[in-house]
């Protein structure tokens, strides 16, 4: 599965050629203590293009906006009136996916590498993954239309901070950034009522080697 996730062929793929990618169950134990993660939380733009193991990507997405209470479908980050209007688009070298939290998988969107369209700076193209935070505004049914982008911005901030704290705990580097929304939205084929809020690049810092994989730990998490 990891080979499928991280090593597709170099040619451009049509969306229908991409398949949903089931993710390993998130590891919800371990990691650094909260206060230590807060102390080490920081923005880092110097990323190297090493691929994230499937388990790390699974943990990252679950930490950001995964389901932590399956009985209710509630998430690791709050949203206005539990609207859950935010969608995490996942830009990988082999294509664009959207994180589907309930089955904990990546759903294919486009067979194109859109990382460079989020920023002209090297951290975007070097990132192992770029998260694109997209608000599906009609889901905010209990708020006035003119207030919906405001709530979406707040909810994005909560999710991106979860990602920051996971990165601090896992030894990853991350940077959240603004972007030119219109051309990216067109490339992603978004509807007019879907609005890009921010992007966040994640990868390994250039001055640090990736942590060795622990097959025993990964096996326990399944």
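Of the residues making up segment 135-147, none is under 27 Å from residue 205 (Cβ atoms), in contact (Cβ under 8 Å) with a residue 60 or more places away in the chain, in contact with a strand residue (DSSP E or B) (Cβ under 6 Å, 6 or more places away or on another chain) and surrounded by 19 or more Cβ atoms within 10 Å (Cβ to Cβ). The single condition from (1) under 16 Å from the mean Cα position of the chain (by Cα); (2) modelled with pLDDT under 95 that residue 122 fails is (1). Residue check: residue 124 meets all listed conditions (1) surrounded by fewer than 22 Cβ atoms within 10 Å (Cβ to Cβ); (2) in contact with a helix residue (DSSP H, G or I) (Cβ under 6 Å, 6 or more places away or on another chain); (3) closer than 30 Å to residue 17 by Cβ but one, namely (1).
Being within 22 Å of residue 27 (Cβ to Cβ) and modelled with pLDDT of 95 or more is true for just one of 103, 138, 210. Which residue is that?
103
Against the list (1) in contact with a strand residue (DSSP E or B) (Cβ under 6 Å, 6 or more places away or on another chain); (2) part of a helix (DSSP H, G or I), the condition residue 131 fails is (2). Within segment 33-50, if we keep just the residues that are assigned to a loop (DSSP other than H, G, I, E, B) and more than 18 Å from residue 160 (Cα to Cα), the residue that is modelled with the lowest pLDDT turns out to be 49. Considering (1) surrounded by 14 or more Cβ atoms within 10 Å (Cβ to Cβ); (2) at pLDDT below 90, the lone condition that residue 22 does not fulfil carries the number (2). Taking the criterion of being crowded, with 23+ Cβ neighbours inside 10 Å and not in a helix (DSSP H, G or I), the residues of segment 152-174 that qualify are 172, 173, 174. Looking only at residues of segment 76-104 that are assigned to a helix (DSSP H, G or I) and in contact with a helix residue (DSSP H, G or I) (Cβ under 9 Å, 6 or more places away or on another chain), we find that the one that is surrounded by the fewest Cβ atoms within 10 Å (Cβ to Cβ) is 81. For segment 188-207, which positions are farther than 22 Å from residue 155 by Cβ, surrounded by fewer than 14 Cβ atoms within 10 Å (Cβ to Cβ) and modelled with pLDDT of 95 or more? 189, the sole residue that qualifies.
The values are calculated or read from the model by the stated rules, or taken from the named source; none is laboratory data. If you're wondering where the values come from, they're calculated on a predicted model, not measured in any experiment. When we count neighbours, we look across all protein chains shown, and the Cβ atoms used for this are built from the backbone with ideal geometry, even at glycine.
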